[in-house]
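So the structure is just underneath, and the comments pick up after that.
The values are calculated or read from the model by the stated rules, or taken from the named source; none is laboratory data. Predicted model only: the values in this text are computed from it and were never measured. Here the Cβ positions follow ideal geometry from the backbone for every residue, glycine too, while neighbour counts run over all protein chains shown. Protein only, heavy atoms only, side chains kept; ligands, DNA and RNA dropped before computing areas. Shrake-Rupley method; radii C 1.70, N 1.55, O 1.52, S 1.80 Å.
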Amino acid sequence: MNINDKTIINEAEIISKALFANGLNDIAPNQLHTAVSRSIIAQIAEMWKISREKQKKTRCAYYFSAEYLVGRAIFNNLLCLGLTDKIDALLGEKGLSLKDLESCEDAALGNGGLGRLAACFLDSATTLNLPLMGYGIRYKYGLFKQEIEDGEQVEKIDDWTRGGDPWSIRRDDLAVTVDFGDQSVTAVAYDMPILGYGTDNIGTLRLWQAEPTEPFDFMLFNEQEYDKALSDKNNAENISRVLYPNDTKKEGKILRLKQQYFFTSASLQDIIRRTIFAHGSTNEIEKHATIQLNDTHPVLAIPEFIRIMMEMGITFDKALEMARNIFNYTNHTVMQEALEKWDMALIEETLPQIAPIIKKIDTAMKEELSERKIDSEIIDKLSIIKDDTVYMANLAVYASSAVNGVAAIHTEILKNELLSDWHKIYPNKIRNKTNGITQRRWLRLCNDELSTLITGLLSSDKWITDTSELSHLHDFENDSAVIDSFMKIKKKKREQLAEYLFEKCGIKIDPDTVFDIQIKRLHEYKRQLLNALVLLAIYYDIKDGAITDFEPTTFIFASKAAPGYRRAKGIIKFINEIAKMIENDKEVSKYMKIVFLPNYNVTYAEKLVAAADVSVQISTAGTEASGTGNMKMMMNGAVTLGTLDGANIEIVNEAGEENNYIFGMTVETLDEIKDEYEPQNLYKNNAKINRVLNTLVDGTFDDGKSGVFKEIFDSLLTDSEYEKADKYYLLLDFTTFYEARMKLNRDTKNRTEFAKKGFKNLASSGKFSSDRTISEYASDIWKISEI
Ligand code: 26Q
């Protein structure tokens with residue numbers, strides 16, 4: 001793209017005066033961010049329009065996702081335009097710097113992996129010149145901000161547009177109406193440009209914002225019914241007000257149902273309009289469009305599509321057939337309790353036009369399966385509607401052309417367990433698409449130093465768009481000068497992280513220690529508690545003199561817990577209590593430090609993955625669908641300390657078990673022993689386990705009298721009405737984890753040999769680019785090609 005750096009800064013100066021009454025030198029950092037970003041948008045606007053026009057003319061894939069965790073756009077977009085250094089230099093002439101923009105907001109319109117995956121996919125598709133457009137919701141408030149007070153999580157509102165949202169363009173011209181049983185609202189589009197690397201193609205993320213259809217009801221106002229007049233406005237705006245945290249226990253909220261319908265209906269109306277505009281009718285819409293459903297959150301798109309087609313005069317049967325060609329569904333979890341379901345009564349009340357269509361789909365499915373002589377018991381199990389409950393995954397699988405898991409093992413579990421009956425009926429439907437991450441953000445952008453080394457060694461920066469190039473780094477794995485440079489870079493990244501943490505939250509960490517990092521949402525299955533318990537055991541062993549030569553390590557946790565997830569919040573408190581005890585212990589704190597970083601988000605992640613020596617990925621085998629943080633840290637040269645779960649399996653396949661630290665039960669071994677598992681026996685017979693578990697109940701730590709530590713203790717040792725004791729097998733993997741940690745720690749004593757393992761992981765990480773993932777979706781599912 002031919003964009004002039006000087007023009008950008010000159011235009012930014014003008015925009016600054018127009019919007020803020022002052023030149024670039026006299027405005028606040030967020031205003032500087034707005035002026036520069038708006039100026040760039042003005043420069044790329046024409047290219048963006050050309051890309052949109054091209055997309056309209058060709059078969060296009062649409063990604064429907066309730067979440068997009070895009071993070072900050074400015075640095076990525078400057079990188080894509082190749083303008084980072086030039087703009088920084090021009091700002092420098094004015095005594096300003098790109099660094100001034102570091103404080104700008106990180107758009108957190110997602111919970112975690114699923115939302116970040118959607119953002120990586122848009123990046124990859126655009127870079128590969130593939131026609132993919134993202135649709136979602138423009139939440140007013142993103143995922144809550146987390147503060148830690150007295151070791152406990154406190155949630156604060158994330159008002160992410162407060163300092164402006166210069167990367168979005170409001171499109172009033174695209175507004176559509178969405179009807180609910182009790183209200184109608186306007187969906188207004190906000191478009192964000194998605195820049196690719198080394199291409200003129202610009203993709204689009206279109207997010208819908210809910211607004212009242214009538215701006216204000218003057219009749220009511222004149223009748224002095226102010227409250228009623230205002231409440232209509234609020235009721236409309238409520239729909240896109242806030243992103244729901246992934247709290248499976250608080251499912252089934254009307255507002256969330258409305259959100260799902262809101263954005264899928266608006267997006268379909270938009271796609272239909274585009275199709276009619278480009279092709280004159282929707283007769284062959286399946287040829288022009290394919291829609292990927294990111295989990296079941298957008299599955300209402302299926303009955304909504306059928307409803308709209310029927311409104312246009314097409315029969316139900318034909319509309320269903322079209323839907324089954326257009327839609328595809330990605331599953332992101334095998335945990336039963338996390339599968340979405342809705343009360344039929346709630347749907348009937350909230351979406352009266354959708355309820356009858358879901359019933360017709362259920363009937364059609366049952367007829368088809370009966371005709372195919374499928375056992376009636378199985379048909380019953382596969383019901384979309386059962387006991388007045390709608391099972392969204394069944395609806396998604398039946399009405400989709402392709403269904404995919406997100407890592408090899410996950411897809412196998414879908415085929416053999418969760419969706420095994422479906423798999424027998426439609427043996428070609430379920431496919432694997434192992435997740436990936438964009439190396440632009442997760443290596444090039446977040447680790448300039450390592451990127452420079454790689455480009456130098458490969459004499460080419462081709463890896464930025466083709467990570468298979470990274471495998472040539474294997475040629476250097478025995479080159480001590482290279483490993484030495486790699487180690488220096490790691491140290492630099494640890495120093496940068498240390499500096500940032502000190503500035504941001506006053507936390508002091510020592511960059512000469514090993515950085516051991518577990519960063520992900522807090523969930524029992526991810527087993528942050530297991531990590532904490534093993535660290536506590538190591539603490540006691542150092543204290544008792546059983547361990548004498550522990551290589552100094554900083555153990556970093558960062559994680560948000562769903563606000564209503566009591567145990568998860570208790571685990572955060574527990575980690576902080578252990579951290580405090582170690583901090584106050586003069587002897588042991590020489591060897592280990594635990595820190596819990598507040599408010600984990602994309603911006604933090606960028607700094608953490610670059611500084612990681614050890615990537616902690618210890619979910620119970622069979623529970624983590626894929627994981628993507630594991631890939632980010634691998635690509636930055638960390639070793640994985642983990643279980644054989646999700647994408648860890650593929651990571652170890654690529655990089656070698658000898659270069660990672662793998663422990664614990666596998667899906668197969670767990671299956672064999674789980675019926676006889678008695679965590680009480682381990683508690684009684686294993687002295688380490690006994691000692692660390694007792695700290696939850698013997699007053700060693702303070703849970704602020706909430707009783708949550710006792711609840712966690714009980715959850716590990718006592719069966720309850722709802723769940724078995726230790727259902728994620730923490731105690732079963734405790735000892736092998738402890739041993740793997742200790743082996744790893746011994747290995748870090750030879751820093752060079754240890755760094756070599758990390759470097760080999762980087763060299764083996766090529767498979768985990770989302771470019772590879774997107775190419776697979778494009779050829780195997782979407783059937784789209786370059787524009
Ligand atoms: C559900 C109901 C009500 C409110 C919120 C939700 C909700 C929201 C988000 C449920 C789940 C999510 C997010 C799930 C998620 O991020 N899953 C992760 O997806 C990644 C990308 O495929 C995988 O790598 C992870 O293994 C998986 O946990």
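Part of a helix (DSSP H, G or I), over 19 Å from residue 302 (Cα atoms), open to solvent by less than 30 Å² (accessible area, probe 1.4 Å) and more than 16 Å from the ligand (Cβ to nearest atom): is that true of residue 357 in this structure? Reasoning before the result, please.
Values: part of a helix (DSSP H, G or I): yes; over 19 Å from residue 302 (Cα atoms): no; open to solvent by less than 30 Å² (accessible area, probe 1.4 Å): yes; more than 16 Å from the ligand (Cβ to nearest atom): yes.
It is false that residue 357 is part of a helix (DSSP H, G or I), over 19 Å from residue 302 (Cα atoms), open to solvent by less than 30 Å² (accessible area, probe 1.4 Å) and more than 16 Å from the ligand (Cβ to nearest atom).
Take residue 150 and tell me if it is more than 23 Å from residue 274 (Cα to Cα), at pLDDT below 95 and surrounded by fewer than 21 Cβ atoms within 10 Å (Cβ to Cβ).
So residue 150 does not fit the description; no.
Out of the residues in region 262-304 that are small (Gly, Ala, Ser) and touching a strand residue (DSSP E or B) at 6+ places or on another chain (Cβ under 8 Å), which is farthest from the ligand (Cβ to nearest atom)? Please lay out each step first, then the result.
Initial filter on region 262-304 (small (Gly, Ala, Ser)): 265-267, 278, 280-281, 289, 301.
From the residues that got through so far, the ones that are touching a strand residue (DSSP E or B) at 6+ places or on another chain (Cβ under 8 Å) too are 265-267, 289, 301.
Numbers: 265: 19, 266: 20, 267: 18, 289: 23, 301: 16 Å.
The selected residue is 289.
What about residue 184, is it under 22 Å from residue 272 (Cβ atoms), within 16 Å of the ligand (Cβ to nearest atom), among the small types (Gly, Ala, Ser) and touching a helix residue (DSSP H, G or I) at 6+ places or on another chain (Cβ under 9 Å)?
Working: under 22 Å from residue 272 (Cβ atoms): yes; within 16 Å of the ligand (Cβ to nearest atom): no; among the small types (Gly, Ala, Ser): yes; touching a helix residue (DSSP H, G or I) at 6+ places or on another chain (Cβ under 9 Å): yes.
Taking the combined requirement at face value, the residue does not satisfy it.
Consider only pairs whose beta carbons are under 6 Å apart and that are at least six residues apart or on different chains; among these, list those whose first residue lies in region 224-251 and is within 30 Å of residue 524 (Cβ to Cβ) and whose second residue is more than 9 Å from the ligand (Cβ to nearest atom) and assigned to a helix (DSSP H, G or I).
Here the result reads 248/337, each pair linking region 224-251 to a residue that is more than 9 Å from the ligand (Cβ to nearest atom) and assigned to a helix (DSSP H, G or I).
Looking at (1) within 16 Å of the ligand (Cβ to nearest atom); (2) among the aliphatic types (A, V, I, L, M); (3) farther than 26 Å from residue 200 by Cβ, find the lone condition where residue 122 falls short.
With respect to (1) within 16 Å of the ligand (Cβ to nearest atom); (2) among the aliphatic types (A, V, I, L, M); (3) farther than 26 Å from residue 200 by Cβ, residue 122 is out only on (3).
Take region 485-517 and flag every residue that is in contact with a Leu (Cβ under 7 Å, 6 or more places away or on another chain) and either of a type in the set (Gly, Ala, Ser) or not in a helix (DSSP H, G or I) (or both).
Hits for region 485-517 are 485, 507, 509, 517.
What are the pairs with Cβ atoms under 6 angstrom where one residue, in region 256-267, is within 14 Å of residue 185 (Cα to Cα) and the other, located anywhere, is away from the ligand (no atom under 14 Å from the Cβ) and part of a helix (DSSP H, G or I)? Sequence gap at least six, or different chains.
Once the first residue is within 14 Å of residue 185 (Cα to Cα) and sits in region 256-267, its partners that are away from the ligand (no atom under 14 Å from the Cβ) and part of a helix (DSSP H, G or I) give 264/301; 264/304; 265/304.
For region 404-476, please list each of the helices (runs of 4 or more DSSP H) lying entirely inside it that holds at least 1 residues being surrounded by fewer than 21 Cβ atoms within 10 Å (Cβ to Cβ), within 25 Å of the chain's Cα centre (by Cα) and modelled with pLDDT of 95 or more.
Passing ranges, in order: 408-413, 448-458.
Of all residues in region 313-348 being outside any helix (DSSP H, G or I) and open to solvent by 70 Å² or more (accessible area, probe 1.4 Å), which is farthest from the ligand (Cβ to nearest atom)?
Filtering region 313-348 for residues that are outside any helix (DSSP H, G or I) and open to solvent by 70 Å² or more (accessible area, probe 1.4 Å), the one farthest from the ligand (Cβ to nearest atom) comes out as 315.
In region 771-785, what count of residues is obtained for those that are in a loop (DSSP other than H, G, I, E, B) and of a type in the set (S, T, N, Q)? Outline the logic, then answer.
First pass over region 771-785, keeping only residues in a loop (DSSP other than H, G, I, E, B): 783-785.
Next, from what is left, pick out any that are of a type in the set (S, T, N, Q): 785.
Summing the residues that are in a loop (DSSP other than H, G, I, E, B) and of a type in the set (S, T, N, Q) in region 771-785 gives 1.
Mind listing whichever residues of region 513-534 are more than 23 Å from residue 689 (Cα to Cα), among the hydrophobic types (A, V, I, L, M, F, W, C) and away from the ligand (no atom under 16 Å from the Cβ)?
Within region 513-534, 514, 515 qualify.
Is at least one residue of region 231-241 open to solvent by 70 Å² or more (accessible area, probe 1.4 Å), within 16 Å of the ligand (Cβ to nearest atom) and within 19 Å of residue 181 (Cβ to Cβ)?
No, because not a single residue in region 231-241 is open to solvent by 70 Å² or more (accessible area, probe 1.4 Å), within 16 Å of the ligand (Cβ to nearest atom) and within 19 Å of residue 181 (Cβ to Cβ).
Go through region 105-119 and count every residue that is away from the ligand (no atom under 16 Å from the Cβ) and open to solvent by 20 Å² or more (accessible area, probe 1.4 Å).
Looking only at that region, the number is 1.
Are there any pairs with C-beta distances below 9 angstrom linking a residue in region 489-514 that is in contact (Cβ under 8 Å) with a residue 12 or more places away in the chain to a residue that is among the polar types (S, T, N, Q) and in a helix (DSSP H, G or I), with the two at least 6 apart or on different chains, and if so which?
Final answer for the pair search is 489/452; 511/496; 514/745.
Go through region 366-379 and give me each residue that's open to solvent by less than 80 Å² (accessible area, probe 1.4 Å) and either touching a Cys at 6+ places or on another chain (Cβ under 7 Å) or without any contact (Cβ under 8 Å) to a residue 24 or more places away in the chain (or both).
Once the filter is applied, which keeps residues that are open to solvent by less than 80 Å² (accessible area, probe 1.4 Å) and either touching a Cys at 6+ places or on another chain (Cβ under 7 Å) or without any contact (Cβ under 8 Å) to a residue 24 or more places away in the chain (or both), region 366-379 yields 366, 368, 370, 379.
Exactly one condition in (1) under 26 Å from residue 668 (Cα atoms); (2) in contact with a helix residue (DSSP H, G or I) (Cβ under 7 Å, 6 or more places away or on another chain); (3) of a type in the set (Val, Ile, Thr) is false for residue 787; which is it?
The number of the failed condition is (1).
Tell me the residue from 743, 688, 632, 710 that is open to solvent by 10 Å² or more (accessible area, probe 1.4 Å), in contact (Cβ under 8 Å) with a residue 12 or more places away in the chain and in contact with a strand residue (DSSP E or B) (Cβ under 6 Å, 6 or more places away or on another chain), please.
From the options 743, 688, 632, 710, the qualifying one is 632.
Would you please name the residue that is nearest to residue 231 (Cα to Cα), looking only at residues in region 156-196 that are among the polar types (S, T, N, Q) and in a loop (DSSP other than H, G, I, E, B)?
For region 156-196, the residue satisfying everything is 183.
If residue 363 satisfies every condition in (1) away from the ligand (no atom under 15 Å from the Cβ); (2) of a type outside the set (Lys, Arg); (3) buried (at least 20 other Cβ atoms within 10 Å of the Cβ) but one, which is the exception?
Going through the list (1) away from the ligand (no atom under 15 Å from the Cβ); (2) of a type outside the set (Lys, Arg); (3) buried (at least 20 other Cβ atoms within 10 Å of the Cβ), residue 363 breaks only (3).
Report those strands (runs of 3 or more DSSP E) wholly inside region 106-150 carrying at least 3 residues which are touching a residue at least 12 places away in the same chain (Cβ under 8 Å) and among the hydroxyl-bearing types (Ser, Thr, Tyr). Give the steps one after another, and end with the answer.
Working: elements: 107-109, 132-137, 145-149.
Those strands (runs of 3 or more DSSP E) do not exist here; none qualify.
Take the conditions open to solvent by 10 Å² or more (accessible area, probe 1.4 Å), within 16 Å of the ligand (Cβ to nearest atom) and of a type in the set (Asp, Glu) and apply them to residue 624. Does it pass?
yes
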